[in-house]
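Following: one structure in structure tokens, then a few remarks.
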Amino acid sequence: MYKTAKENLAALFQLIAGAQELYVPVKVSGQVNFRAWSEDAEVDLDTLKTVKSPKDVFFPQSEDLYTCKKDGKKLTIEPEALKEQDFVVFGMKACDVKGVEVLDKVFLADPVDSFYAARREHGTIVAMACHEPEETCFCKVFGVDCAEPAADVAVWMAGDALYWNPLTEKGEALTKSVDSLLTQADADAEKKVEEEKASIRAIVEKLPYTNLSLEGWNGDMLNEKFNSELWEELYKPCLACGTCTFVCPTCQCYDIKDYDTGHGIKRYRCWDSCMYSDFTMMAHGNNRTSQMQRFRQRFMHKLVYFPANNDGMYSCVGCGRCVEKCPASLNIVKVIKSFQKQGGDK
Ligand code: SF4
Ligand code: SF4
């Protein structure tokens, strides 16, 4: 374990950014999201949740895949270059790191998504413990310990210091590259980190959704859940705006489209939402024909289909963004609780 004074943070970012790209939470027009660091960026490490999760560092909201060009009768296809530069994401929270694990299950499974895989290979994650978890957080339900983030480097902010613990080879390499700003932590520093962890966990225990039960999900009772009349009640306020999917660290659906650049056809992909009526639209129409079916799909996927196909891993990490952002106050907590009530309160 190492430490550095908080006042060294700007120098730390400068040092990292001198050698590779650096993404940090930045405030722009009152909204905090992960962006490329620059000297004049308003870095905000105090806001717990960025509006969007940092998943677009690995899975961008929109990215070109290839260009088709026609020269007479000759057709050429030029794939976009894969990520080749190393980069660092500083300040991801434990839930969002777990979100990347969920994305790994999708994009690194055969057939591997080469664009995503290249970014994962070149990215180093510095995860930050959540100094003060908020009421909408329920990561503990999904086995996430926000006091002990597991990434390439784990960091804690406590008092006037940043504590830095490398956990992987990539983390060790990054540590070496910034060691001029770090000092070896002594027993007192270790104690401070343990106190910080205890304080975070004590807050987590008091959060309103921390003891939400997942009994009856995880691939169990699939037909019973799917056919439940509850969905007809639950979905009604849904505006199909897609906000929940766009802020979510685990949602991974995308659409593929073409556009004419004037010099060829560019094929790109962009995030899509299972809440949209034209999602997975095919020539014969859409296989989910009502908003109830689309709404049900989102939650059945996260709580039943995904864990059934991924050794029990849920496709929700309890970040609480959908709890905060849905304009109709619909969210995964409401769904879980409604089913719980139907089965009798536990
Ligand atoms: S559940 Fe809420 S955020 Fe999601 S699409 Fe419906 S209204 Fe929008
Ligand atoms: S479903 Fe909601 S709480 Fe779960 S990971 Fe997505 S945004 Fe976070």
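The values are calculated or read from the model by the stated rules, or taken from the named source; none is laboratory data. Here the structure is a predicted model, which is why all the values come from computation and not from measurement. Every residue, glycine among them, receives a Cβ derived from its backbone with ideal geometry; neighbour counts consider all protein chains shown.
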Open item on the list: Of all residues being in contact with a helix residue (DSSP H, G or I) (Cβ under 9 Å, 6 or more places away or on another chain) and of a type in the set (S, T, Y) in segment 184-212, which is surrounded by the fewest Cβ atoms within 10 Å (Cβ to Cβ)? Just the residue, please.
Closed with: T210
Task: Filter result (buried (at least 17 other Cβ atoms within 10 Å of the Cβ) and in a strand (DSSP E or B)) within segment 5-37 - done: E21, L22, Y23, V24, P25, V26, V32, N33, F34, R35
Open item on the list: Please go through segment 225-253 and give me each residue that is of a type in the set (S, T, Y) and either within 16 Å of ligand 2 (Cβ to nearest atom) or within 19 Å of P327 (Cα to Cα) (or both), ordered by number.
Closed with: Y235, T243, T245, T250
TODO: For segment 312-337, enumerate the residues that are near ligand 2 (Cβ under 9 Å from one of its atoms) and polar (S, T, N, Q).
DONE: S315, N331
TODO: Hey, can you tell me all the residues within segment 141-150 that are modelled with pLDDT of 95 or more and surrounded by fewer than 22 Cβ atoms within 10 Å (Cβ to Cβ)?
DONE: V141, F142, G143, D145, E148
Task: Qualifying residues in segment 287-314 (those that are within 16 Å of ligand 1 (Cβ to nearest atom) and part of a loop (DSSP other than H, G, I, E, B)) - the one farthest from V97 (Cα to Cα) - done: S290
- [ ] With the condition kept exactly as written, say whether any residue in segment 338-346 is within 14 Å of ligand 1 (Cβ to nearest atom) and touching a residue at least 12 places away in the same chain (Cβ under 8 Å).
- [x] yes
- [ ] Output the residue which, of all residues in segment 207-245 that are among the acidic types (D, E) and assigned to a loop (DSSP other than H, G, I, E, B), is farthest from the chain's Cα centre (by Cα).
- [x] E229
Open item on the list: Name the single residue that is nearest to ligand 1 (Cβ to nearest atom) among those in segment 315-327 being under 26 Å from N286 (Cβ atoms) and surrounded by 15 or more Cβ atoms within 10 Å (Cβ to Cβ).
Closed with: C326
Open item on the list: Considering only residues that are within 16 Å of ligand 2 (Cβ to nearest atom) and modelled with pLDDT of 90 or more, which ones fall in segment 205-224?
Closed with: L207, P208, Y209, T210, N211, L212, S213, L214
Task: Every residue from segment 177-199 that is in contact with a strand residue (DSSP E or B) (Cβ under 9 Å, 6 or more places away or on another chain) and part of a helix (DSSP H, G or I) - done: D179, L181, A189, E190, K192, V193, E195, E196, K197, S199
Open item on the list: Considering only segment 104-123, I want to know if a residue exists there that is surrounded by 20 or more Cβ atoms within 10 Å (Cβ to Cβ) and in contact with a Ser or Thr (Cβ under 6 Å, 6 or more places away or on another chain).
Closed with: no
Task: Qualifying residue in segment 264-279 (condition: at pLDDT below 90 and either outside any loop (DSSP other than H, G, I, E, B) or closer than 23 Å to W217 by Cα (or both)) - done: no
